[in-house]
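See structure below.
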Amino acid sequence: MAAKNLSGVFKLLKDSWKIYIKRFKVFFGIILVPALVILFGSAMAAGGAAIFEISFFGLLPLLVGALLAILGAFIALWARLALIYAIKDEKLGAGESYSESWPKFFSYWWIAILTGFLMLAGFFLFVIPAFVFGGWFVFAGFALVFDNQKGLSALVKSREYVRGRWRPVF
């Protein structure tokens, strides 16, 4: 696909908005799960920290809240994958998107770790390479879901999506 065949920004925004409005309940349901876990965990941690100053028993809600916040971060990563599945298959609801995405969660997690390390390395190479790497690897999750690519193959596939199309993708 040549760069000239890519849709323009306004057409992409218009099409994306249509999908968003049509699938709002599903997308909201997917995002609500990690948001509630993180919110509840943060509230417990904050409450535990306030109580901890008064009593030693405040340590328990502080620790449970911190663990819930960490769990929420993992669920948020799972939710990102579930969103890609919900975009791929319009028949899936929120629960089905989570179910369909679970078998590839650890592959997605590995891709996120690889991308994070590569972007960190890019920051050590004077920041600009980190933005280049971010641009290359932004579609790695889509390569996992749509093309069944895993690990470095998904990163390479994502880079191929962007190759020769920097300006339109940007």
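The values are calculated or read from the model by the stated rules, or taken from the named source; none is laboratory data. Predicted, not measured: the structure shown is a model, and the values here were computed from it. Glycine also receives a Cβ, built like all others from the backbone with ideal geometry; neighbour counts cover every protein chain displayed. Heavy atoms of the whole protein, side chains included, go into the accessibility calculation; ligands, DNA and RNA do not. Shrake-Rupley method; radii C 1.70, N 1.55, O 1.52, S 1.80 Å.
Details
- One residue alone among 154, 130 is over 30 Å from residue 40 (Cα atoms), in contact with a helix residue (DSSP H, G or I) (Cβ under 9 Å, 6 or more places away or on another chain), free of Cβ contacts under 8 Å to residues at least 12 places away in the same chain and in a helix (DSSP H, G or I), and that residue is 130.
- Qualifying residue in the range 31-53 (condition: within 27 Å of residue 170 (Cα to Cα) and modelled with pLDDT of 80 or more): yes
- Any hit, the range 28-38, residues being farther than 29 Å from residue 153 by Cα, in contact with a Leu (Cβ under 7 Å, 6 or more places away or on another chain) and either open to solvent by less than 80 Å² (accessible area, probe 1.4 Å) or not in a helix (DSSP H, G or I) (or both): yes
- Subset tally (residues that are open to solvent by 70 Å² or more (accessible area, probe 1.4 Å) and out of contact with any Ser or Thr (no Cβ under 9 Å at 6 or more places or on another chain)) for the range 138-160: 7
- Scope the range 91-127; condition open to solvent by 60 Å² or more (accessible area, probe 1.4 Å), under 26 Å from residue 20 (Cα atoms) and assigned to a helix (DSSP H, G or I); matching residues: 96, 99, 100, 102, 103, 109
- The C-beta contact set for the range 96-117 (first residue on the phi < 0 side of the Ramachandran plot, second residue in a helix (DSSP H, G or I) and open to solvent by 100 Å² or more (accessible area, probe 1.4 Å), distance under 7 angstrom, 6+ apart or interchain) comprises 114/152.
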